[in-house]
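Peer 1: Pasting in a structure now, in structure tokens, and then I'll have a few things to ask.
The values are calculated or read from the model by the stated rules, or taken from the named source; none is laboratory data. Quick caveat, the model's predicted, so the values are computed rather than measured. As a convention, Cβ positions derive from the backbone with ideal geometry for all residues, glycine included, and neighbour counts pool all protein chains shown.
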Amino acid sequence: MAKAPDLPDGEIVAQAANVSGDREMEIRGGIEPGELSVVVKCQGRGVLTVSVEPVGLSFPLTCVDGEVTSILNQLALQRSREHGTVTVTAPSRVRWALTVGRQPKRAGRGRTA
């Protein structure tokens, strides 16, 4: 987990690498209309939970010993929020890395929130 995951496309707005336990990070520039991507990878036994507020995105990732587990979640957002945070909750034995990115809004794409 020495390196944060690569973002498929867009501008990186929060990032962390080689972390264990819980952490809250500010989403640089707040929430903007468009696609928000969250890429997480982890290793170690336990369940890691990622929450993005104030949009209400939350998802678990089951991490295992001896291999890297990863997930990509994307959410299409219709309106701005001045502030945004991403919170990772994980047992101290789980090492993880995360990248959050955004793409400007495009007409006719994805789910909305």
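Peer 1: Please go through region 5-35 and give me each residue that is at pLDDT below 95 and among the hydrophobic types (A, V, I, L, M, F, W, C), ordered by number.
Peer 2: Within region 5-35, Leu7, Ile31 qualify.
Peer 1: For the subset of region 30-55 comprising residues that are free of Cβ contacts under 8 Å to residues at least 60 places away in the same chain and among the small types (Gly, Ala, Ser), which member is surrounded by the fewest Cβ atoms within 10 Å (Cβ to Cβ)?
Peer 2: Selected residue: Gly30.
Peer 1: Now, a different point. Which residue out of Thr62, Thr87 is loosely packed, with under 13 Cβ neighbours inside 10 Å, in a strand (DSSP E or B) and modelled with pLDDT of 95 or more?
Peer 2: Being loosely packed, with under 13 Cβ neighbours inside 10 Å, in a strand (DSSP E or B) and modelled with pLDDT of 95 or more holds for just one of Thr62, Thr87, which is Thr62.
Peer 1: From the set of residues in region 10-24 that are part of a loop (DSSP other than H, G, I, E, B) and farther than 15 Å from Leu75 by Cβ, which is farthest from the chain's Cα centre (by Cα)?
Peer 2: Residue satisfying both the conditions and the ranking: Gly21.
Peer 1: A further question follows. Pairs, please: C-beta under 9 Å, at least 6 apart or cross-chain, first residue touching a residue at least 12 places away in the same chain (Cβ under 8 Å) and closer than 11 Å to Val100 by Cα and in region 64-88, second among the hydrophobic types (A, V, I, L, M, F, W, C) and surrounded by fewer than 16 Cβ atoms within 10 Å (Cβ to Cβ)?
Peer 2: Listed by first residue and then by second, the contacts come to Asn73/Phe59.
Peer 1: What's the total number of residues in region 25-37 that are under 11 Å from the mean Cα position of the chain (by Cα) and in a strand (DSSP E or B)?
Peer 2: Here the count works out to 3.
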